[in-house]
1. Specify whether the C-alpha gyration tensor of the range 193-328 places it in the rounded, prolate or oblate class, a ≥ b ≥ c being the square roots of the eigenvalues: rounded for a/c under 1.5, otherwise prolate if a/b is larger than b/c and oblate if not.
2. Out of residues 5 or more away from Val71 or on other chains, whose amide H comes under 5 Å of its own, with H placed 1.01 Å from N in the peptide plane?
3. Applying the Karplus parametrisation 6.51 cos²θ - 1.76 cosθ + 1.60 with θ = phi - 60° to the phi angles of the range 271-279, what ³J(HN,Hα) value in whole Hz is obtained for each residue in order, glycine and proline being reported as x?
4. Work out from phi, with θ = phi - 60° and the Karplus expression 6.51 cos²θ - 1.76 cosθ + 1.60, the ³J(HN,Hα) of each residue of the range 221-234, listed in order in whole Hz, and give x for Gly and Pro.
5. Under 16 Å from a point 7 Å along the Cα-to-Cβ line of Leu136: which residues of the range 286-302 have their amide N that close?
6. Applying the Karplus parametrisation 6.51 cos²θ - 1.76 cosθ + 1.60 with θ = phi - 60° to the phi angles of the range 46-51, what ³J(HN,Hα) value in whole Hz is obtained for each residue in order, glycine and proline being reported as x?
7. Which shape class, rounded, prolate or oblate, goes with the range 219-284 when its Cα gyration tensor gives a ≥ b ≥ c as root eigenvalues, a/c under 1.5 marks rounded, and past that a/b bigger than b/c marks prolate?
8. Tell me the GluC sites (Glu not before Pro) within the range 260-328 that lie in a loop according to DSSP and have at most 16 other beta-carbon atoms within 10 Å.
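Just so it is clear, none of the values below were taken in a lab; they were calculated from the coordinates. All figures in this text were calculated on a predicted structure; none of them were measured in a lab. Neighbour counts are summed over all protein chains in view; Cβ atoms, including those assigned to glycine, are modelled from backbone coordinates with ideal geometry.
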Amino acid sequence: MKTGNRVANTGSNSRNIIDHIISNTTTIEYMKLKEIKSFLEGMAPLAVQESWDNSGLQIGCSDKDIHKVMVCLDLTEAVLDEAEAIGADLVISHHPLIFKGLKSISGSTYQERCVRKAILSDIAVYSAHTSLDNILGGVNHKIASLLGLSSLRWLDSGESAEGCDEKCGGAAEKSCGEGTEGKCGGATTEKCGGADAVARASGSGLIGELKEPVAAAEFLRTVKTIFSVKALKHSPLSSTTTIRSIALCGGAGAFLLPQAVAKGADCFISGEFHYHDYFDPGTLLIELGHYESEQFTQDLLKESLERAFPELEIVKTSVNTNPQEWLI
Ligand SMILES: [Zn+2]
């Protein structure tokens with residue numbers, strides 16, 4: 001890790017003054033934004049994010065000095081207020097602040113106000129969204145570890161990695177446009193050349209096993225406790241008595257329901273399903289809520305950054321950014 005020493009420049013050549021400066025030098029540990037960005041993108045490569053996503057550096061110049069980092073699930077005005085109050089100069093969110101193109105920054109939406117505030121407060125913003133979902137040790141592995149699952153396999157193993165090897169051979173760019181667009185997108189040469197081991201180890205959702213089968217009703221109560229869910233939504237238990245094989249996907253995972261059913265999962269845990277998914281779903285649906293399913297992503301980011309930059313202060317926001325509430 002690189003750190004920097006900054007010494008105030010008095011412009012004086014006096015020996016006494018120099019001695020005084022040296023003896024009173026305050027060492028300020030900092031990283032360049034580009035070094036943190038490089039670490040994040042080594043861990044969660046942008047090439048593995050979904051084609052519709054916008055993970056990556058959102059606000060900030062890569063040469064900016066970073067002294068303190070705040071991590072959060074969602075970037076809101078309250079999170080930025082907190083970051084400014086504690087002197088954080090980089091906020092790393094899971095959900096991208098800038099998702100679709102902004103046509104103005106007039107302050108009419110919370111995204112626009114956040115962009116304006118971050119720039120005025122000189123706070124850089126980085127988002128690691130599906131780039132962090134789709135990697136080994138990412139968001140879904142964090143959820144699997146909380147549930148104590150083993151024998152983890154991808155629900156969708158990433159057409160891009162396996163599919164492209166078969167399809168592309170030595171003609172990656174031409175073949176990968178067909179049928180693998182979602183994952184390969186604009187990263188065909190990098191992902192299909194067969195050399196990107198990280199991309200090969202990427203996929204969507206996971207399926208794994210409990211050590212022992214558990215009664216379905218008991219499992220629901222356990223899940224409710226682990227994820228601090230106020231009211232756990234699930235499909236009828238009628239056809240599921242015990243749970244052992246568990247499919248999961250943090251956030252909005254309904255798109256992986258066919259894969260969960262095809263792989264024989266006893267249940268599928270996700271942050272969100274659609275109403276119509278509940279009709280004859282083919283497995284027990286367990287809906288945590290989006291925030292609840294991904295809340296531990298903040299720990300994942302914090303722990304990873306602390307290992308990489310032990311001298312840099314990394315804090316989790318104290319703001320609960322869940323925009324959904326329940327009347328129980
Ligand atoms: Zn999410």
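1. Oblate shape, in that a/c is at least 1.5 and b/c is the bigger or equal ratio.
2. Those lying under 5 Å, H to H, from Val71 are Ile92, Val315, Lys316, Thr317.
3. So the Karplus estimates, Gly and Pro as x, are x, 9, 10, 8, 3, 6, 5, 6, 7 Hz.
4. Whole-Hz 3J(HN,Hα) from phi for the range 221-234: 5, 4, 4, 4, 6, 4, 9, 6, 8, 5, 9, 8, 8, 8.
5. none
6. For the range 46-51, the Karplus curve yields 4, 5, 9, 6, 5, 5 Hz.
7. Rounded, because the longest to shortest axis ratio a/c is under 1.5.
8. Listed in order of number, the matching sites are Glu311, Glu325.
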